[in-house]
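What follows is one structure encoded as structure tokens, with my remarks underneath.
The values are calculated or read from the model by the stated rules, or taken from the named source; none is laboratory data. Computed from a prediction, not measured in an experiment: that's the story for all the values here. Positions of Cβ are generated from backbone atoms using ideal geometry, with glycine treated the same way; all protein chains shown enter the neighbour counts.
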Amino acid sequence: NIRTRLFKNNGPCSFYQFRCQNDKCVERGDFCNGRNDCGDNSDERNCRTSSCRNGKGIICGNAYYNSNCIPEEWECDGVKDCTDGRDERRCEDRFESGVYPYQIIRAKFLATNWILNGRNNASHIQKWGVNIPRTAVACHFSESSILNKSKNYNDELAYELSISLLSKFALRNMEDIKTSELATFVNSFLALCMNPRKFYMVDLIGQLRKRVDADKVANPYAILALCNAQDFITLNDIEKLLAAFQKANAEQRTDTQAIIIMALACASAQPDSSFNREELPDYTLEIKKKQYRNGTVENIKTTALVLQALFASEPEPDDDNFDEEKAIKQILRSQEKDGSFGGLMNTYYVLPVLSMSSLVNISRKHCPELIEDENEGLERLKIQVGEKWNIIYSIWIGDDKVLRRSLTLSVPANTSFYGIMKYAAGVDDKYKFEYNVRSRKPYIFALSGIMDDPEMETFWHPYYLFSNSSQPSLISKSPADVIPKNNEHMLFWYRKVD
């Protein structure tokens, strides 16, 4: 069937590698280079010849007994392996005839490169952009051989994901974070092998479960995230999902129906499940009916979600009711020159399809162990129950204030200025600081990467900024001894003081 033909025989090698007969992978550039790179000489057997053995492959060049025979899967894959480029000619005609495994591999490779090219090496924060949770999940489904070349990528994503969620805690209360947003963080934590039950000792899964139980209407993505995190999906959850499916059907929201099917498929795999997997075809048939003649279902995003739902719920393709090959062909056609499928959201939904996978396949099963963050001091500040105060914390640099930046933080009442500074440093690297201890109290000597300069007589000084005064008020005490009040504006200013 189409799934076996396209996905089951891709082998261990990446797009830019040659698969040896012994299953070793060597770089394409090492093919026919005169060396036995494979170890079994399979990378040199079809070189400097006049024809391909058994008629399999593409002969490059016209020189008798001096041409290389490249693997047939390298034809029309976007890379000129023949010096004259003959392996990349008349490819449109070939694409019209069907979808081939190497097209899937190539599309996945290019999409992964697009994600990596979006990483900002020069930045100290937000190297991976603003939508870290979706980027993390997209990387989970991307070309692993590329990402594995740098073990730092996973650590970077995990760090930035933590900072992203911490910043939301700082600027908003937990109840102000949307349920779908929290679910996105749970899934991304699982993708990165982070423990969502102990994020600075906050149980994100427990928080999500409380919301799902309290809501009268299902949030399908939240229930899917709970299931991925191995939280039991109750009969009440199932009933709400089924009601949501009918509502989405009436409103023509096929993408929502696809997510509901994934949640039901995940729930049906749990021990003592409240949902019988044999009922799934009744629901998948509804979304299959919506396929257009050209293979799409509404648009590329929805087409990808429908394919994910079918991969998650049905072990074999249903050729009578849905043409998976046409759907995949339209997805491949939508890939842009930069490797994306029209932005992060589409690429995020398409990448699982290119692995014959789905959002149901996000779980901790691939993790040798879960990463747990033990910075409990910052956690205690963040999750302390009770009254919260809003504090504005600013940094100014230079007597003429050539650089200014500010954060508005929601912190527990009666938090010291020093505690607020620690919190800000956990949210944004630009607020990191260093201090000396005098009389058992911290005094700041470096902030935002800038140290006190005694030669220039320029130092960091703490101030109050009062709304009814044009001049800040100098603070002579340690930040640990200063307790800002609600809505007060605190400042550290790098300047000379007379």
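Restricting attention to region 417-452, the residues being surrounded by 16 or more Cβ atoms within 10 Å (Cβ to Cβ), small (G, A, S) and more than 21 Å from Q126 (Cβ to Cβ) number 1. Residue count for region 222-266 satisfying the condition of being of a type in the set (F, W, Y) and surrounded by fewer than 20 Cβ atoms within 10 Å (Cβ to Cβ): 1. Only a single item in (1) modelled with pLDDT of 80 or more; (2) within 24 Å of K485 (Cα to Cα); (3) touching a helix residue (DSSP H, G or I) at 6+ places or on another chain (Cβ under 8 Å) is not met by S448, and it is number (2). Listed by first and then second residue, the pairs linking a residue in region 32-53 that is within 17 Å of N22 (Cβ to Cβ) and in the same structural domain as I70 (by the TED database) to a residue that is among the small types (G, A, S) and exposed (fewer than 13 other Cβ atoms within 10 Å of the Cβ), with Cβ atoms under 9 Å apart and 6 or more places separating them unless they lie on different chains, are E44/G34. Counting the residues of region 408-441 that are more than 14 Å from H489 (Cα to Cα), out of contact with any helix residue (DSSP H, G or I) (no Cβ under 7 Å at 6 or more places or on another chain) and either of a type in the set (A, V, I, L, M) or in the same structural domain as K127 (by the TED database) (or both) gives 2. Among the criteria (1) charged (D, E, K, R); (2) in contact with a helix residue (DSSP H, G or I) (Cβ under 7 Å, 6 or more places away or on another chain); (3) within 21 Å of S357 (Cα to Cα), the one D237 does not fulfil is (3).
Does L171 meet the test of being modelled with pLDDT of 85 or more, surrounded by 14 or more Cβ atoms within 10 Å (Cβ to Cβ), of a type in the set (A, V, I, L, M) and closer than 24 Å to S410 by Cβ? The answer is no for L171.
Got a sec? Which of S42, S14 is hydroxyl-bearing (S, T, Y), over 33 Å from the mean Cα position of the chain (by Cα) and surrounded by 13 or more Cβ atoms within 10 Å (Cβ to Cβ)?
Numbers: S14 fails: over 33 Å from the mean Cα position of the chain (by Cα).
Within the list S42, S14, the selection yields S42.
Contact map, region 389-409: first residue at pLDDT below 85, second residue not in a strand (DSSP E or B), Cβ cut-off under 8 Å, separation 6 or more or different chains; pairs are D399/K496.
Pull up region 199-229, narrow it to residues that are over 18 Å from T256 (Cβ atoms) and not in a helix (DSSP H, G or I), then point me to the one that is modelled with the lowest pLDDT. It comes out as M201. Note on region 230-246: residues that are under 20 Å from L305 (Cα atoms) and modelled with pLDDT under 95 amount to 0.
Just give me the residues in region 45-86 being farther than 20 Å from V99 by Cα, modelled with pLDDT under 80 and among the charged types (D, E, K, R), in sequence order. Within region 45-86, just R53 meets the criteria.
Just for helices (runs of 4 or more DSSP H) wholly inside region 256-358: which have at least 1 residues that are more than 22 Å from the chain's Cα centre (by Cα) and more than 16 Å from Y221 (Cβ to Cβ)? Full working, then the answer.
Values: elements: 280-288, 300-313, 324-333, 344-353.
Passing ranges, in order: 280-288, 300-313, 324-333.
The residues on offer are I371, I362, and the sole one that is within 28 Å of P196 (Cα to Cα), buried (at least 17 other Cβ atoms within 10 Å of the Cβ), modelled with pLDDT under 95 and in contact with a helix residue (DSSP H, G or I) (Cβ under 9 Å, 6 or more places away or on another chain) is I362. The one condition from (1) farther than 22 Å from K422 by Cα; (2) at pLDDT 90 or above that P454 does not meet is (2).
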